[in-house]
1. Which residue pairs have Cβ atoms under 6 Å apart, sit 6 or more places apart or on different chains, and have a first residue in the range 162-188 that is in the same structural domain as R301 (by TED's automatic domain parsing) and more than 9 Å from ligand 2 (Cβ to nearest atom) and a second that is in a strand (DSSP E or B) and acidic (D, E)?
2. Out of the residues in the range 412-433 that are exposed (fewer than 15 other Cβ atoms within 10 Å of the Cβ) and under 47 Å from the mean Cα position of the chain (by Cα), which is nearest to V386 (Cα to Cα)?
3. For the range 290-310, give me each residue that is crowded, with 16+ Cβ neighbours inside 10 Å, aromatic (F, W, Y) and not in a loop (DSSP other than H, G, I, E, B).
4. Evaluate the following for A200: is it within 16 Å of ligand 2 (Cβ to nearest atom), closer than 23 Å to R255 by Cβ and surrounded by fewer than 19 Cβ atoms within 10 Å (Cβ to Cβ)?
5. Having 2 or more residues that are surrounded by 20 or more Cβ atoms within 10 Å (Cβ to Cβ) is the bar; report the strands (runs of 3 or more DSSP E) wholly within the range 28-117 that clear it.
6. Does the range 70-96 hold any residues that are of a type in the set (D, E) and either on the phi > 0 side of the Ramachandran plot or modelled with pLDDT under 80 (or both), and which are they?
7. Any idea which residue in the range 206-224 is surrounded by the fewest Cβ atoms within 10 Å (Cβ to Cβ), counting only those that are at pLDDT 90 or above, out of contact with any Phe, Trp or Tyr (no Cβ under 9 Å at 6 or more places or on another chain) and not acidic (D, E)?
8. Could you please tell me which pairs satisfy a Cβ distance under 7 Å, a separation of 6+ or placement on different chains, a first residue in the range 117-142 that is away from ligand 2 (no atom under 16 Å from the Cβ), and a second residue that is among the hydroxyl-bearing types (S, T, Y) and at pLDDT 75 or above?
Amino acid sequence: MPRVLVVDDETGVRESLRMLLKDDCEVVTADSADAGLRALEEMPADCVLLDLVMPGGSGLDFLAELREQADPPPVIVLTATKTVGTAVEAMKLGAADYVTKPFEVEALRQRVRQTLEHRALRREVARLTHELDERTRLGGLIGRSSAMRAVFGTIERVAVSEATVLIRGESGTGKELAARALHDLGPRANGPFVPVNCAAIPETLMESELFGHERGAFTDARERRIGKFEQATGGTLFLDEIGELAPAPQAKLLRALQERVIERVGGGQPIAVETRIVAATNRDLEEEVRQGRFREDLYYRIHVVPLELPSLRERREDIRLLAEHFLAEHVAQGRTANRFTRSALAVLERHDWPGNVRELENAVERAVTLARGDVIDTEDLPEALVRAGKVDTLREAVRGGAFPLEEAVGRFEMELIRDALVRHEWNQTRTATALGITRRQLKLKMDKYKLGERSQGED
Ligand SMILES: Nc1ncnc2c1ncn2[C@@H]1O[C@H](COP(=O)(O)OP(=O)(O)OP(=O)(O)O)[C@@H](O)[C@H]1O
Ligand SMILES: [Mg+2]
């Protein structure tokens with residue numbers, strides 16, 4: 001039940017209001033402005049009925065005081081008819097409404113109900129807005145699909161622990177962003193986040209990269225060098241593309257993880273490992289283990305908490321959100337294109353995105369550069385996307401019985417020829433060769449389908 005606080009110095013008024021409202025809400029009373037403020041401190045109310053004229057602090061002081069608080073309850077001011085001017089003053093100080101004494105029972109009850117409802121509604125809106133904000137992004141990751149929300153949930157849950165996380169997902173699905181989110185939301189957020197790309201470092205340098213070396217450890221080691229493990233002390237070490245690690249470094253890494261100590265190359269004393277490990281791969285590590293390319297014991301060491309990032313085609317409901325997010329970033333940098341046409345969005349949502357979010361990000365960037373006005377249309381998108389979309393639509397239309405076979409075949413033929421022409425820059429000889437027909441046959445079909453030179457807005 002909502003809670004209503006009645007602040008009035010007259011016992012009679014307090015009691016009649018209590019009787020009047022007790023079916024709709026829990027009523028608390030106070031006989032002065034001060035007592036009212038204290039009551040609110042003890043337990044917040046959803047609505048306050050406030051007498052304006054009281055001995056001691058006035059109702060206006062109470063209002064002024066209340067305004068200082070975060071999310072104050074709405075106040076309905078009770079006022080004698082002759083002091084309506086003060087009521088206006090009270091409204092200026094933030095009162096939600098006023099009622100003149102002597103009040104009409106039903107009217108007052110109605111006001112209270114409305115005020116309570118309005119507050120509940122505002123809270124609900126605030127909650128939903130907050131939820132929307134929360135649910136569509138976590139760290140740098142954006143998504144509203146249930147798959148991404150599950151990822152957000154896992155990240156939030158495991159970030160607080162020290163557990164080793166193995167992030168998996170196709171290229172461009174946001175593995176690095178996820179690793180950063182794990183770091184930023186965890187207890188080591190103030191420490192360093194140190195990424196190591198295991199695919200980019202030659203095998204011979206890997207050990208020194210990870211563990212460092214002492215001066216003179218090998219021919220090129222002119223200076224002592226601190227490895228990534230040590231750099232990541234107090235923070236997170238991100239072992240990206242861990243599936244690419246060669247056997248020798250795999251063995252060294254396993255030892256470091258098992259014993260929680262490392263040694264610099266060419267250096268004697270062991271150094272304690274004081275870092276959280278997050279690893280990522282786009283390989284099927286189980287298969288790598290079966291093939292003998294990845295150590296099983298290392299696999300179990302890093303595979304403590306798996307975090308799977310879904311491909312973009314498995315969560316098409318995120319495409320629009322992401323596209324608009326990337327577009328907004330360009331707008332913030334002063335680009336003029338600021339929205340997609342409906343058909344452009346449809347093309348984006350239909351594409352399979354083998355390069356996932358990275359591919360989408362690049363497509364949007366390219367489109368922003370190509371767009372001439374303030375809208376991005378299909379012609380600003382990579383041609384392959386648009387073309388694939390057309391053939392798909394056609395196929396669906398035929399399946400849905402939109403037109404008979406003969407016409408469908410004709411349309412297919414036209415699309416295929418147009419594709420080939422575009423691909424060969426409208427060079428008829430090369431197009432004909434590619435299609436396995438003579439140039440004359442091609443010319444006839446172009447006439448049949450009215451495929452003139454670049455006239456179809458394709459190129
Ligand atoms: N959910 C997402 N929200 C916003 N941006 C994303 C999201 N996922 C990926 N990106 C962006 O896409 C690009 C690729 O992301 P990231 O580098 O994290 O992918 P990855 O999985 O590590 O790819 P790879 O396997 O190729 O290394 C980055 O520019 C990143 O900002
Ligand atoms: Mg990556």
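The values are calculated or read from the model by the stated rules, or taken from the named source; none is laboratory data. The model shown is predicted, which means the values in this text are computed figures rather than measured ones. When we count neighbours, we look across all protein chains shown, and the Cβ atoms used for this are built from the backbone with ideal geometry, even at glycine.
1. Close Cβ pairs satisfying both conditions: R168/E308.
2. Filtering first and then ranking leaves L416.
3. Residue satisfying the conditions is Y299 alone.
4. For A200, the condition - within 16 Å of ligand 2 (Cβ to nearest atom), closer than 23 Å to R255 by Cβ and surrounded by fewer than 19 Cβ atoms within 10 Å (Cβ to Cβ) - is met.
5. By residue number, 47-51, 75-80.
6. D71
7. Within the range 206-224, the match that is surrounded by the fewest Cβ atoms within 10 Å (Cβ to Cβ) is M206.
8. Final answer for the pair search is I142/T136.
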